[in-house]
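Here's the structure we're looking at; comments come further down.
The values are calculated or read from the model by the stated rules, or taken from the named source; none is laboratory data. Model, not experiment: these values are computed from the prediction. For neighbour counting, all protein chains shown are included, and Cβ atoms are generated from backbone atoms with ideal geometry for every residue, glycine included. For accessibility, only protein heavy atoms count, side chains too; no ligands or nucleic acids. Shrake-Rupley method; radii C 1.70, N 1.55, O 1.52, S 1.80 Å.
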Amino acid sequence: MLLFTIIEDAFWSALVSVGFAILFQAPRKTLFGCAVAGGFGHSVRRLFLFTGMAIETATFIGALVIGFWALYFSRRYKTPSTIFSISGCIPMIPGLVAYGAIQSLISLTHSTPDTGSLILYESVVGLIRTGLILMALTLGILIPRLVFQREKPVV
């Protein structure tokens, strides 16, 4: 059952990655690489989430996988790795977490003094989680590029 869930997750994530690559007018030859990066990275995140890992850490590992795939495909297709890494990370954007945080902030305006502190706590936690997930995505894409993609020296 877990294998089917991972395969299904990889399929839908690959489809979303290709859709965003098409939306941002990526070259046609790069669509396969975008699909692999998005599908494989998101399924790695889902696998770590099934093991009980926190979503922030699982997102970081998934983004690292996407970053490495992006470097591989950028060298293979001779295109910038940004095409693969950004379209691959789009399915991992924390939309639901951010939506919940904003919804809590909106409900704070209609709260009573008894429930206000709890709602404020929920919204702050949601905003912090959203920021940490976005930071994990950024670092996961960036670290492989910093380590393996080096500029040639000027001297």
Going through (1) at pLDDT 95 or above; (2) part of a helix (DSSP H, G or I); (3) surrounded by fewer than 16 Cβ atoms within 10 Å (Cβ to Cβ); (4) of a type outside the set (Asp, Glu) one by one, Ile66 fails only at (3)
Can you find a residue that is under 11 Å from the mean Cα position of the chain (by Cα), of a type in the set (Ser, Thr, Tyr) and assigned to a helix (DSSP H, G or I) anywhere in region 82-95? yes
Could you list, in sequence order, all residues of region 107-155 that are of a type in the set (Val, Ile, Thr), crowded, with 18+ Cβ neighbours inside 10 Å and either at pLDDT 90 or above or not in a helix (DSSP H, G or I) (or both)? Thr130, Ile133, Ile141
Region 41-59, residues that are touching a residue at least 24 places away in the same chain (Cβ under 8 Å) and either surrounded by 23 or more Cβ atoms within 10 Å (Cβ to Cβ) or more than 18 Å from Thr138 (Cβ to Cβ) (or both): Gly41, His42, Ser43, Arg45, Arg46, Leu47, Phe50, Thr59
I'm trying to understand the selection: among the residues of region 20-40, which are touching a Ser or Thr at 6+ places or on another chain (Cβ under 7 Å), free of Cβ contacts under 8 Å to residues at least 60 places away in the same chain and of a type outside the set (Val, Ile, Thr)? Pro27, Cys34, Ala35, Ala37, Gly38, Gly39
Could you please tell me which pairs satisfy a Cβ distance under 9 Å, a separation of 6+ or placement on different chains, a first residue in region 90-119 that is within 30 Å of Gly39 (Cα to Cα) and in contact (Cβ under 8 Å) with a residue 60 or more places away in the chain, and a second residue that is among the aromatic types (Phe, Trp, Tyr) and open to solvent by 40 Å² or more (accessible area, probe 1.4 Å)? Ile90/Phe20; Pro91/Trp12; Pro91/Phe20
Look at region 15-29 and say how many of its residues are among the polar types (S, T, N, Q) and modelled with pLDDT under 95. 1
Considering only region 1-40, state which residues are closer than 20 Å to Arg75 by Cα, surrounded by 14 or more Cβ atoms within 10 Å (Cβ to Cβ) and in contact with a Phe, Trp or Tyr (Cβ under 7 Å, 6 or more places away or on another chain). Thr30, Gly33, Cys34, Val36, Ala37, Gly39, Phe40
